[in-house]
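Read-outs throughout are calculated quantities, based only on the coordinates presented, and are distinct from any laboratory measurement. Only a predicted model underlies this, so the values are computations on that prediction, with no experimental measurement involved. As a convention, Cβ positions derive from the backbone with ideal geometry for all residues, glycine included, and neighbour counts pool all protein chains shown.
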Amino acid sequence: MAEWTDEQFAASIRGELMNDILPFWRSRTVDERRGGFIGEMSNDLRIRDDAPKGLILNARLLWSFSAFYRHTRDERDRVLARRAYEYLITRFLDERHGGYFWELDPAGNVLDDKKK
């Protein structure tokens, strides 16, 4: 197999991101019923409805959709970044003691109030 040029490699990565990864995360991770994003999905794409929502995943979604928006200028990415930010601020943020809760139940109630 011939070596790829830098341009070919970059085009391949860009295509994977724009045609597969980004559409998947845009369409399959939003929790329309309870707010925020889903907590867990299996390898066969089944959403575990009772899965907790974790701080790390939600922070990564905020970073990812923000980065996508900076790159794509696609309004869908801005909206999803804003959704992640608002969920972090309204559900994960501990306004009384500071910091962010580690884990919430699927409805957005605190499961683990420790800061890790």
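Miscellaneous remarks
- Using alpha-carbon coordinates, inclination of helix 6-16 to the longest axis of the chain, degrees: 50
- Of the residues Pro52, Asn109, Leu22, the one whose Cα sits farthest towards the positive end of the charge dipole of the chain is Asn109 (charges of +1 on Lys and Arg Cβ, -1 on Asp and Glu Cβ, taken about the Cα centre).
- Counting only Cα atoms, segment 54-116 measures 36, 20, 17 Å along its principal axes, largest extent leading.
- Its Cα centre serving as origin, segment 34-116 has a Cβ charge dipole (Lys and Arg +1, Asp and Glu -1) of approximately 320 debye.
- Given in Å, the Rg to one decimal and the Dmax to the nearest whole number for the Cα atoms of the chain are 16.7, 59.
- Normalised contact order of segment 54-116, rounded percent, pairs of Cα under 8 Å and 6 or more residues apart: 29
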